[in-house]
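A.B. asks: The structure's right below; bear with me while I get my questions together.
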Amino acid sequence: GESVGLHLPTLSVQEGDNSIINCAYSNSASDYFIWYKQESGKGPQFIIDIRSNMDKRQGQRVTVLLNKTVKHLSLQIAATQPGDSAVYFCAEKLTGSARQLTFGSGTQLTVLP
Amino acid sequence: DVKVTQSSRYLVKRTGEKVFLECVQDMDHENMFWYRQDPGLGLRLIYFSYDVKMKEKGDIPEGYSVSREKKERFSLILESASTNQTSMYLCASTLTRGGNQPQHFGDGTRLSIL
């Protein structure tokens, strides 16, 4: 199957700064993308999603950007807080796929005091 | 909120044992999934089910089987556990089979095979 990759395995940011986590996907037929947050000892938690007919979607302190031209997805976290420290990974879904999602391996975000 | 509950957070078993991992969701979701999560490899799909008594293989089904006798419950079975099945196992569910929707995950079962 298609793979979803991340540019950086780790990211450290100062508390209060903005964080940007990147994801490259390889299948142009993917039509739906999700960002998950996984804290230590917990399961992945849904953050935000975006459909392929959109370029940008905003949530509470988070924004997802989709660039279909270069098959790139990013998650922006505004005013990063200590509670944002976690592994973040993206997932993509192929159009019409029953199995639904293919996941990247994740980026560890560490928020420094 | 959707609640996906995995019966055990930690489990230690011996090589050759038959192991059952249980998952229950409380939102009448049609689809349920079993993944394993290993460092550097991300989530890999083992099996999924889109209806009672229905199952489909994922990317790594070898050594595993599943059972879905009731809509809310999806069981993962290791027929004869081996050390390479030591991993974090995650269960997930979605409301319907088609469409664009996120999967909702349980908190995982960390399984160690000795």
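A.B. asks: When you look at A:Ser12, is it among the hydroxyl-bearing types (Ser, Thr, Tyr), over 19 Å from B:Gln101 (Cα atoms) and either in contact with a strand residue (DSSP E or B) (Cβ under 6 Å, 6 or more places away or on another chain) or surrounded by 15 or more Cβ atoms within 10 Å (Cβ to Cβ) (or both), yes or no?
C.D. replies: Spelling it out, A:Ser12 is indeed among the hydroxyl-bearing types (Ser, Thr, Tyr), over 19 Å from B:Gln101 (Cα atoms) and either in contact with a strand residue (DSSP E or B) (Cβ under 6 Å, 6 or more places away or on another chain) or surrounded by 15 or more Cβ atoms within 10 Å (Cβ to Cβ) (or both).
A.B. asks: While we're here: Could you please tell me which pairs satisfy a Cβ distance under 8 Å, a separation of 6+ or placement on different chains, a first residue in region B:1-28 that is closer than 22 Å to B:Lys70 by Cβ, and a second residue that is among the basic types (Lys, Arg) and assigned to a loop (DSSP other than H, G, I, E, B)?
C.D. replies: B:Gln25/B:Lys3; B:Asp26/B:Lys3; B:Met27/B:Lys3; B:Asp28/B:Lys71
A.B. asks: Name the single residue that is farthest from A:Ala79 (Cα to Cα) among those in region A:23-40 being open to solvent by 40 Å² or more (accessible area, probe 1.4 Å) and either free of Cβ contacts under 8 Å to residues at least 60 places away in the same chain or among the aromatic types (Phe, Trp, Tyr) (or both). Can you show your working first?
C.D. replies: First pass over region A:23-40, keeping only residues open to solvent by 40 Å² or more (accessible area, probe 1.4 Å): A:26, A:28-29, A:39-40.
Still in the list and also either free of Cβ contacts under 8 Å to residues at least 60 places away in the same chain or among the aromatic types (Phe, Trp, Tyr) (or both): A:26, A:28, A:39-40.
Numbers: A:Ser26: 30, A:Ser28: 32, A:Glu39: 18, A:Ser40: 21 Å.
Selected residue: A:Ser28.
A.B. asks: Yes or no: region B:67-78 includes at least one residue that is at pLDDT below 95, surrounded by fewer than 20 Cβ atoms within 10 Å (Cβ to Cβ), of a type in the set (Lys, Arg) and more than 25 Å from A:Tyr32 (Cβ to Cβ).
C.D. replies: No, region B:67-78 contains no residue that is at pLDDT below 95, surrounded by fewer than 20 Cβ atoms within 10 Å (Cβ to Cβ), of a type in the set (Lys, Arg) and more than 25 Å from A:Tyr32 (Cβ to Cβ).
A.B. asks: So which residues in region B:89-106 are open to solvent by 20 Å² or more (accessible area, probe 1.4 Å) and either modelled with pLDDT of 95 or more or of a type in the set (Val, Ile, Thr) (or both), if there are any at all?
C.D. replies: B:Thr96, B:Phe105
A.B. asks: Given the conditions (1) facing another protein chain (nearest Cβ under 10 Å); (2) modelled with pLDDT of 95 or more; (3) open to solvent by less than 40 Å² (accessible area, probe 1.4 Å), report the number of the one that A:Leu75 does not fulfil.
C.D. replies: (1)
A.B. asks: A further question follows. Which count do you get for residues in region A:78-113 that are open to solvent by 50 Å² or more (accessible area, probe 1.4 Å) and either in contact with a Cys (Cβ under 8 Å, 6 or more places away or on another chain) or among the charged types (D, E, K, R) (or both)?
C.D. replies: 1
A.B. asks: I would also like to ask the following. With the condition kept exactly as written, say whether any residue in region A:28-42 is small (Gly, Ala, Ser), at the interface with another protein chain (Cβ under 9 Å from one of its Cβ atoms) and closer than 27 Å to B:Pro39 by Cβ.
C.D. replies: Looking only at region A:28-42, we keep the residues that are small (Gly, Ala, Ser), and these are A:28-30, A:40-41.
Now narrow it down to the ones that are at the interface with another protein chain (Cβ under 9 Å from one of its Cβ atoms): A:41.
Narrowing further to those that are closer than 27 Å to B:Pro39 by Cβ: A:41.
Among the residues of region A:28-42, at least one is small (Gly, Ala, Ser), at the interface with another protein chain (Cβ under 9 Å from one of its Cβ atoms) and closer than 27 Å to B:Pro39 by Cβ, which makes the answer yes.
The values are calculated or read from the model by the stated rules, or taken from the named source; none is laboratory data. Please read all numbers here as calculations on a predicted model, not as lab measurements. In this analysis, Cβ positions are derived from the backbone assuming ideal geometry, glycine residues included, and neighbour counts consider all displayed protein chains. Accessible surface areas use protein heavy atoms only, side chains included; no ligands, DNA or RNA. Shrake-Rupley method; radii C 1.70, N 1.55, O 1.52, S 1.80 Å.
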